[in-house]
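Q: Here you go, one structure.
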Amino acid sequence: MTAAANQNGRRPTTSRRLERAGIRDVAAAAGVSITTVSDALNGKGRLPDETRSRVREVAERLGYRPSAAARTLRTGRSGLIGLTVTTYGEEPFTFTEFAYFAEMARAATSAALSRGYALVVLPASSRHDVWSNIALDGTVVIDPPDQDPLVSELYRSGVPVVSDGKPGNCPVTAWVDNDHEAAVLGILEHLSEAGARRIGLLTGTSTDTYTRLSTEAYLGWCARVGQEPVYETYPAHDPAAGAVAADRLLARPDRPDAVYGLFDPNGTDLLAAARRYGLRVPDDLLLVCCSESDVYAGTEPPITTLSLKPRRIGTTVVNLLIDAIEGVDSGATAGTGAAPAEPATGGRLFPPRFRTAGSGPPPGTLMPTELIVRASSQRRHPRTTVSPPRPPGES
């Protein structure tokens, strides 16, 4: 006889307590109708506050969760929202392998689930007809380029779109982004204070706002301080091209004595190139890159990184999207829990503020970035030898 059988040889029936509570159970326990339960939990109808509170308390105690199928029938929504990167068009690009996108997607998934939605992550190179085969209530698009055909198609289909990144001329419902100009200027100031006299940039060839605004901020700074720009570009979706571009930058006759790399792999690419050319970091070359990876805390030397706070952005874009789907008039920040993040030890926020776009659509929110300063961007002070004092009268 197994433990799963009773004395009569039959399997025991599942305990009623283990079954999922339904809306009828909530109605019976609260002493109200099924319609009243539905109205109370969905914020509808003209119910006394006491009744609404009692129904919600009973539903919570019983562990009631609305049926996704019932919600679809009632609201016409599927409970699915999309997430993709369209920066590089149809180029093959596994964006979840990059730390920023992975962190952002994890936070977006949690935020969606907390509000009763599931997140569908589609490959960056998906054809548009793949999207049309999935009943999405809305979509988050990361770093859309100018005139993004996917965003335009979703807009024509009536699907709300919130972008992680300023959308340029793309028709989005709302957007969330970092102040990339302020971040780049903060890094250039940091490198200048560390003794850099010719700062270079490793950047991309795409037209997304992150790449474009960061590069423009660097070029504008060069014009103001009177430095000739020293930079190399490459298609950022191709990791091999990044290593080649880093090598080109350090092989130039006007080689920089400090470099900022816009993309996740640039730190290791530049460190490897520096070693090939016999350059010591940070003595001969100061390095900073934009990355969310904790790998850079353990490189030799540890590399200074700029964090764009992707988890906070992922939470914010999803809440903005769901507010739009459900018709919540949230402006640019309501429902997002948006507040400046606390810097980690040794971190600097660029800038610790938010800004909402003006009266014209689409509304946007700027989030702070954080510079995590490590040894690669701090010059070592030369050692000095101090001789012991000589006895009086000794020459």
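Q: Is it fair to say Leu201 is among the aliphatic types (A, V, I, L, M), part of a strand (DSSP E or B) and either more than 17 Å from Ser307 (Cβ to Cβ) or open to solvent by less than 10 Å² (accessible area, probe 1.4 Å) (or both)?
A: Working: among the aliphatic types (A, V, I, L, M): yes; part of a strand (DSSP E or B): yes; either more than 17 Å from Ser307 (Cβ to Cβ) or open to solvent by less than 10 Å² (accessible area, probe 1.4 Å) (or both): yes.
Answer is yes for this residue.
Q: For residues in the stretch 127-144 being in contact with an Asp or Glu (Cβ under 9 Å, 6 or more places away or on another chain) and modelled with pLDDT under 80, which is most open to solvent (accessible area, probe 1.4 Å)?
A: Arg127
Q: Write out, first by first residue and then by second, each pair whose Cβ atoms fall under 8 Å of each other, whose residues are 6+ apart or on separate chains, and whose first residue, in the stretch 44-57, is among the β-branched types (Val, Ile, Thr) while the second is in a helix (DSSP H, G or I) and open to solvent by less than 90 Å² (accessible area, probe 1.4 Å).
A: Close Cβ pairs satisfying both conditions: Thr51/Thr36; Thr51/Ala40; Val55/Val26; Val55/Ala30; Val55/Thr36; Val55/Val37; Val55/Ala40; Val55/Leu41.
Q: Among the listed residues Arg156, Arg106, which satisfies the condition of being modelled with pLDDT of 85 or more and open to solvent by 60 Å² or more (accessible area, probe 1.4 Å)? Full working, then the answer.
A: Working: Arg156 fails: modelled with pLDDT of 85 or more.
Step by step, each of Arg156, Arg106 is checked, and only Arg106 is modelled with pLDDT of 85 or more and open to solvent by 60 Å² or more (accessible area, probe 1.4 Å).
Q: Looking only at helices (runs of 4 or more DSSP H) that lie completely in the stretch 1-87, which have at least 1 residues being farther than 29 Å from Asp137 by Cα, modelled with pLDDT of 75 or more and in contact with a helix residue (DSSP H, G or I) (Cβ under 7 Å, 6 or more places away or on another chain)? Please lay out each step first, then the result.
A: Details: elements: 23-30, 34-41, 49-62, 68-75.
Of the helices (runs of 4 or more DSSP H) lying wholly inside the stretch 1-87, those with at least 1 residues that are farther than 29 Å from Asp137 by Cα, modelled with pLDDT of 75 or more and in contact with a helix residue (DSSP H, G or I) (Cβ under 7 Å, 6 or more places away or on another chain) span 23-30, 49-62.
Q: While we're here: Looking only at residues that are of a type in the set (Val, Ile, Thr) and either touching a Lys or Arg at 6+ places or on another chain (Cβ under 8 Å) or closer than 19 Å to Ala196 by Cα (or both) in the stretch 216-268, which one is most open to solvent (accessible area, probe 1.4 Å)?
A: Taking the stretch 216-268 first, the residues of a type in the set (Val, Ile, Thr) are 225, 230, 233, 244, 259, 268.
Next cut, either touching a Lys or Arg at 6+ places or on another chain (Cβ under 8 Å) or closer than 19 Å to Ala196 by Cα (or both) only: 225, 230, 259.
Working: Val225: 82, Val230: 1, Val259: 0 Å².
The extreme case among them is Val225.
Q: Here is a further query. Can you name the residue in the stretch 131-169 that is in a loop (DSSP other than H, G, I, E, B) and of a type in the set (A, V, I, L, M) and is also farthest from Ala236 (Cα to Cα) among such residues? Show your work before the answer.
A: Filtering the stretch 131-169 for residues in a loop (DSSP other than H, G, I, E, B) gives 133-137, 143-148, 157-160, 165-169.
Filter once more, keeping what is of a type in the set (A, V, I, L, M): 134-136, 159.
Details: Ile134: 29, Ala135: 31, Leu136: 29, Val159: 29 Å.
Step by step, filter the stretch 131-169, then rank; the result is Ala135.
Q: Moving on. Tally time: how many residues in the stretch 264-300 are over 18 Å from Ser214 (Cβ atoms) and over 24 Å from the mean Cα position of the chain (by Cα)? Break it down stepwise before answering.
A: Going residue by residue through the stretch 264-300, those that are over 18 Å from Ser214 (Cβ atoms) are 268, 271-285, 293-300.
When the remaining residues are screened for being over 24 Å from the mean Cα position of the chain (by Cα), the result is 271-285, 300.
Residues in the stretch 264-300 being over 18 Å from Ser214 (Cβ atoms) and over 24 Å from the mean Cα position of the chain (by Cα): 16 in total.
The values are calculated or read from the model by the stated rules, or taken from the named source; none is laboratory data. From a predicted model like this one, the values you see are computed outputs, not experimental measurements. Cβ coordinates were reconstructed from backbone atoms using ideal geometry, including for glycine residues, and neighbour counts include every protein chain displayed. With ligands, DNA and RNA removed, areas are computed over all heavy atoms of the protein, side chains included. Shrake-Rupley method; radii C 1.70, N 1.55, O 1.52, S 1.80 Å.
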